[in-house]
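Read through the structure below, which is laid out as structure tokens, and then see the notes.
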Amino acid sequence: MKLNRNSLLLRGPKNEGAYIMIIPRVILFIVFLVACVQYATAQEMQKISSDRIVAFSSDMIGQISGLTFADSLIYATEGRSGQVHVFDHNLNQIFSFGQTGRGPGDLSWPSYIMEKDGKIYVEEGRALRLSIFSMNGDFINNILLKKRALRFYIFNNSLFGFDRSSQNPFYIFNLEDESIVEFGDRYNPNNSSNRYELAARNQYYFQGIETGKILIVNETSGNFYNIHLSDKPEIIKINTEISDPYFLNRLQYVENYFNSTSLQQLSWPLLITDLQVCNNTESVYLAYVGQDHESIHQNMLLLLSYKNDQLTQTKSYSFENRLFNKFALTNDCSSIFFYDQVEGKLVKYALDN
């Protein structure tokens, strides 16, 4: 049936029945087109299954608090035992180091971990210190911190950290002279545009992307920023182009939640669960909580391209029904390692990029 402008107009009583018959068909046709577009969008999401799974003992379930990949090995911190467990790229356990305590080489509830220049840095939440080890687990030294480092990044013998309990949550701590530069203004009730960006319970995930530059994302709002590291650090919001419907639906849900509730609520809806950057600095992986109109999906991943201070979605992934809250990437970003905090399993996936 060919439709033109005149065929949809009433030109007299004798055409009224024809008009009434045409309109429902047009509506159905539009609905069909919309459904096709939504179906095509959903097909762009790549569903991948696990390549290898390692189950931890029952007393370790929920206790892995940090993951990092370095020199073909996975390093995982476990808070309860005060240890770092080391696996090869096939998730075979190689060795462990550390023990619970506060002495040299001991770890008091280790959390975030990263490798830099052949050294392993571990933050100890209960000791307010940073412990440094060789890649083989030999203790080098530890440094007392002035603030928590829920997440950190090592650069130029300094530590960029985030402490959400502080009025100025971002800081740069010099590991040599122990000087500190604090910046960022936590939730200001008089500034509606900053309503939940730096609120006390919010977390930021971040990674270094260039020399002297950090990419960060807010776990609740999904807003991305660059921080230029200098004597006077700058926080600059960057543009993003994300089309994934599960991400956008969840983002809308979070915004509606904050528009209808108080910041004093005990629990807030999460959007982002982790962020990692490939070594080439042009590929950014973002783990997030997705949502459609009926249910929540805890296991989603976006691949974003970072160029000219802009992030653009290039691919999206969905996984098995697991609850992921942290992950690590191989150096070439060909594989990704997730920790399932509910089942206590470390899971490896092969990524087709």
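The values are calculated or read from the model by the stated rules, or taken from the named source; none is laboratory data. This one's a predicted model, so the numbers in the text were calculated from it and none came from an experiment. As a convention, Cβ positions derive from the backbone with ideal geometry for all residues, glycine included, and neighbour counts pool all protein chains shown.
The listed residues are S316, S305, and the only one of them that is buried (at least 18 other Cβ atoms within 10 Å of the Cβ), part of a strand (DSSP E or B) and modelled with pLDDT of 90 or more turns out to be S316. For the stretch 130-149, the criterion of being within 22 Å of the chain's Cα centre (by Cα) and in the same structural domain as S316 (by TED's automatic domain parsing) is met by at least one residue.
Checked against the criteria, L270 counts as within 22 Å of Y112 (Cα to Cα) and assigned to a loop (DSSP other than H, G, I, E, B).
In the stretch 155-181, of all residues being charged (D, E, K, R) and touching a residue at least 24 places away in the same chain (Cβ under 8 Å), the one that is farthest from I113 (Cα to Cα) corresponds to E178. When we screen G98, G103 for residues that are of a type outside the set (D, E, K, R) and more than 22 Å from D71 (Cα to Cα), the only hit is G103. Take D117 and tell me if it is at pLDDT below 95, under 27 Å from N331 (Cα atoms), assigned by TED's automatic domain parsing to the domain that holds F258 and more than 20 Å from the chain's Cα centre (by Cα). So D117 fits the description; yes.
Under 25 Å from Q46 (Cα atoms) and either aliphatic (A, V, I, L, M) or at pLDDT below 90 (or both): does that describe I242? Against the criterion (under 25 Å from Q46 (Cα atoms) and either aliphatic (A, V, I, L, M) or at pLDDT below 90 (or both)), I242 qualifies. The single condition from (1) closer than 22 Å to N218 by Cβ; (2) without any contact (Cβ under 8 Å) to a residue 40 or more places away in the chain; (3) of a type in the set (A, V, I, L, M, F, W, C) that M114 fails is (2).
Conditions (1) surrounded by 15 or more Cβ atoms within 10 Å (Cβ to Cβ); (2) under 28 Å from N226 (Cα atoms); (3) among the hydroxyl-bearing types (S, T, Y); (4) touching a Gly at 6+ places or on another chain (Cβ under 7 Å), marked per residue:
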site: Q63; (1), (2), (3), (4): yes, no, no, yes
site: T100; (1), (2), (3), (4): yes, no, yes, yes
site: P104; (1), (2), (3), (4): no, no, no, no
site: E124; (1), (2), (3), (4): yes, yes, no, no
site: G137; (1), (2), (3), (4): yes, no, no, no
site: F152; (1), (2), (3), (4): yes, yes, no, yes
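Number of residues in the stretch 219-233 that are small (G, A, S) and surrounded by fewer than 16 Cβ atoms within 10 Å (Cβ to Cβ): the value is 1.
Scanning the stretch 77-113 for residues that are at pLDDT 95 or above and under 19 Å from the mean Cα position of the chain (by Cα) gives a single hit, I113.
Residues being closer than 17 Å to V254 by Cβ, in contact with a Leu (Cβ under 7 Å, 6 or more places away or on another chain), of a type in the set (A, V, I, L, M, F, W, C) and assigned by TED's automatic domain parsing to the domain that holds V54 are represented in the stretch 292-311 by at least one member. Give the residues of the stretch 319-337 that are at pLDDT 85 or above, crowded, with 17+ Cβ neighbours inside 10 Å and assigned to a loop (DSSP other than H, G, I, E, B), sorted by residue number. Selection gives T330, C333. Considering the stretch 180-206, and only residues there that are part of a loop (DSSP other than H, G, I, E, B) and at pLDDT 65 or above, the residue that is surrounded by the fewest Cβ atoms within 10 Å (Cβ to Cβ) turns out to be D185. The set of residues in the stretch 82-98 that are surrounded by 18 or more Cβ atoms within 10 Å (Cβ to Cβ) and in a loop (DSSP other than H, G, I, E, B) comprises G82, G98.
Quick grid of which residues meet (1) over 13 Å from G125 (Cα atoms); (2) surrounded by 14 or more Cβ atoms within 10 Å (Cβ to Cβ):
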site: I140; (1), (2): yes, no
site: R148; (1), (2): no, yes
site: F160; (1), (2): yes, yes
site: P169; (1), (2): yes, yes
site: L175; (1), (2): yes, yes
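Residue pairs whose Cβ atoms lie under 6 Å apart, sitting 6 or more positions apart in sequence or on different chains, and linking a residue in the stretch 125-152 that is in contact (Cβ under 8 Å) with a residue 12 or more places away in the chain to a partner that is assigned to a loop (DSSP other than H, G, I, E, B) and crowded, with 19+ Cβ neighbours inside 10 Å, are L128/L145; R129/L145; L130/L145; K147/D163; R148/D163.
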